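Okay, so here's the structure we're looking at.
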Amino acid sequence: MQPNFILLLNRLAFSIVFLVLGLVSVFAQHGNIKDIGPHSPVTRVDVITEINFGTFYPGEVGGTIIIDPRGFRTATGSSVLLPMGDIPNPITMEIVARPATMIQVILPREIILYGAQGGQITFIPGPLEFGDVFVTPPDADRGFTVNMGGTLEVGTINENPPGDYFGAFSFTIVSE
């Protein structure tokens, strides 16, 4: 069975803070993303925490902003991490599944985010803390968490003017 889950990527105005928000339903932002059913090896996936890249400045040549699955933030190029705003963190998902189920997570290669004031930023989802293929723990039927990091490829301040950037992506969980 290959259920799809959708996450929305959103860039907040001027502070250049990025979040990945669960597109759960029209009723709730942090609810159940997909209730697959009791006969599937994976019965539920919930987004517990959205990804947050913190506040940064892209600099003269841009670079990358990386959040690893443990929540550590790094930058390359001329991107400068600023010690203000929200605390950076990875996506945290809770998965309810049968114990000892092999799960493969298939992520898109990259997602293009479009700025309300012009510009584009590339978001690359992953890695996951257990890798793209893992076996669920013995108590998986009570739920367990999986963290996922991500990378932003940021251009210069002229290429990526301050403002809101929008995009969405889905990923597939294959379970056996």
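Observations on the model:
- For region 144-176, the tally of residues that are in contact (Cβ under 8 Å) with a residue 60 or more places away in the chain and either closer than 15 Å to Val45 by Cβ or out of contact with any Gly (no Cβ under 6 Å at 6 or more places or on another chain) (or both) stands at 22.
- Of all residues making up region 139-166, the number that are assigned to a strand (DSSP E or B) and surrounded by 17 or more Cβ atoms within 10 Å (Cβ to Cβ): 11
- Scan of region 101-128 for residues that are closer than 23 Å to Gly143 by Cα and of a type in the set (Val, Ile, Thr), ordered by number: Thr101, Ile103, Val105, Ile106
- Test for Ile95: is it assigned to a strand (DSSP E or B), at pLDDT 90 or above, surrounded by fewer than 15 Cβ atoms within 10 Å (Cβ to Cβ) and aliphatic (A, V, I, L, M): no
- Enumeration of residues in region 123-138 that are in a strand (DSSP E or B) and within 20 Å of the chain's Cα centre (by Cα): Phe123, Ile124, Pro125, Gly126, Pro127, Leu128, Val133, Phe134
- The number of residues in region 61-86 that are outside any strand (DSSP E or B), modelled with pLDDT of 90 or more and not aromatic (Phe, Trp, Tyr) comes to 11.
- Selection within region 144-176 - under 15 Å from Thr101 (Cα atoms) and either within 11 Å of the chain's Cα centre (by Cα) or modelled with pLDDT of 95 or more (or both): Phe144, Thr145, Val146
The values are calculated or read from the model by the stated rules, or taken from the named source; none is laboratory data. Keep in mind that what you see is a predicted model, and the values were worked out from it rather than measured. FYI the Cβ positions are ideal-geometry reconstructions off the backbone, even for glycines, and counts take in every protein chain you see.
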